[in-house]
1. I'd like the Karplus ³J(HN,Hα) series for the stretch 162-169: coefficients 6.51, -1.76, 1.60, θ = phi - 60°, whole numbers in Hz, and an x wherever there's a Gly or Pro.
2. Take the alpha carbon atoms of the stretch 45-66, find their center, do the same for the stretch 102-164, and report the distance between the two centers in whole angstrom.
3. Roughly speaking, what is the stretch gain from residue 145 to residue 77, that is 0.36 nm per residue apart minus the C-alpha to C-alpha distance, in nm to one decimal?
4. Which ³J(HN,Hα) values, rounded to whole Hz and listed in residue order, are derived for the stretch 178-185 from phi using the Karplus coefficients 6.51, -1.76 and 1.60 in 6.51 cos²θ - 1.76 cosθ + 1.60 with θ = phi - 60°, glycine and proline given as x?
5. From the phi angles alone, apply the Karplus equation (6.51, -1.76, 1.60; θ = phi - 60°) to the stretch 144-160 and give each ³J(HN,Hα) in whole Hz, x where the residue is Gly or Pro.
6. Under a 5 Å amide H to amide H cut-off, with H placed in plane at 1.01 Å, what residues pair with residue 157 once short-range neighbours are removed?
7. Normalising by the residue count of the stretch 42-129, find the relative contact order in percent from Cα pairs under 8 Å and 6+ residues apart.
8. Using the heavy atoms of the protein chains and a 1.4 angstrom probe, tell me the accessible area per residue for the stretch 55-185 in square angstrom.
Amino acid sequence: MELVGGGRDGMRRWRLAAGAAALVLLVATASVPLGLYVPENVVRIAYEIEQRRIVYSWGGGHAEEPGPSKGTCKGYQGKIQPCPAARTRGLDCSGFARWVYALASGSDVLGPGNTNDHVRRMRRVLVAMPGDLVFFGSITKKAIKTHHVGIYLGNGKMMNAPETGAVVRVDDIARRKDFLGFYRL
């Protein structure tokens, strides 16, 4: 059988085109696996959350599911007294990072823990990319001790839930002392 204007070469091109079309269809209909780290999504979602003007709440964002929740006054040493966290629905720094990463990846990849728990799930990188996490704290011979985290945006900026009385916002990384490093999933 000979195809018009092609012969064997035409048949070969037709088979290649049909195979390519089948591959495109397969890729287009495949689902994205949960837990996929997509830095562009992390940054985009962080900016979307910033627009909501969600307030800081010590311990907020650490309920069973990621997202704003009432905080706790356990361990609170903030400037605003008495502690408002138990009656304030919001996010603390690690609750914010957890929620953004969960929305960006489709699963709770950071889990309900605090900054110390989150940093253990990641690897330190020397060259930061937007979407990486920025941790603050110290490293001793025995452990990494963190007290703050933000989402790196580039150009020395991070999105974070900084402190009681503030909302999720963009800050200079240099604004905080004891920069620990950039970390990535």
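1. So the J values, rounded to whole Hz, are x, 5, 4, x, 10, 10, 4, 7.
2. If you average the Cα positions of each part, the centres end up 15 Å apart.
3. 22.8 nm
4. With coefficients 6.51, -1.76 and 1.60, one gets 6, 4, 9, x, 9, 10, 9, 5 Hz.
5. With the stated coefficients, the stretch 144-160 comes to 8, 10, 10, 9, 7, 9, x, 9, 5, 10, x, 6, x, 10, 9, 9, 7 Hz.
6. 173
7. Taking the mean separation of contacting Cα pairs over the length of the stretch 42-129, I get 28 percent.
8. 49 Å²
The values are calculated or read from the model by the stated rules, or taken from the named source; none is laboratory data. Keep in mind it's a predicted model, so treat the numbers as computed, not measured. Quick reminder, even Gly has a Cβ in these numbers, built from the backbone with ideal geometry, and neighbours come from all protein chains shown. Keep in mind that these areas ignore ligands, DNA and RNA; they rest on the heavy atoms of the full protein, side chains included. Shrake-Rupley method; radii C 1.70, N 1.55, O 1.52, S 1.80 Å.
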